[in-house]
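Peer 1: Before I ask anything, here is the structure I am working with.
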């Protein structure tokens, strides 16, 4: 029997921002969306692909491709 992973919750950014990417690009999965990296030297965004664990997401970063990030490294603005 397959188990489903509850998506880890991402805190909201304190400042509302508009990401520079076309939201139509995001896959049509219910959990997809863009999140901002909170500890990045530059303003960078991650496309949420799917939950990886209870505290991590598999994401796509335009600067480096797919990676796994902790929810502590992300904030949501939607």
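Peer 1: I'd like to know if region 27-43 contains one or more residues that are modelled with pLDDT of 90 or more, out of contact with any strand residue (DSSP E or B) (no Cβ under 6 Å at 6 or more places or on another chain), over 16 Å from residue 11 (Cα atoms) and surrounded by fewer than 17 Cβ atoms within 10 Å (Cβ to Cβ).
Peer 2: Within region 27-43, not a single residue is modelled with pLDDT of 90 or more, out of contact with any strand residue (DSSP E or B) (no Cβ under 6 Å at 6 or more places or on another chain), over 16 Å from residue 11 (Cα atoms) and surrounded by fewer than 17 Cβ atoms within 10 Å (Cβ to Cβ).
Peer 1: Within region 9-19, track down each residue that is modelled with pLDDT of 60 or more and out of contact with any strand residue (DSSP E or B) (no Cβ under 6 Å at 6 or more places or on another chain).
Peer 2: 9, 14, 15, 18
The values are calculated or read from the model by the stated rules, or taken from the named source; none is laboratory data. These figures come from a predicted structure and were not determined experimentally. Neighbour counts are summed over all protein chains in view; Cβ atoms, including those assigned to glycine, are modelled from backbone coordinates with ideal geometry.
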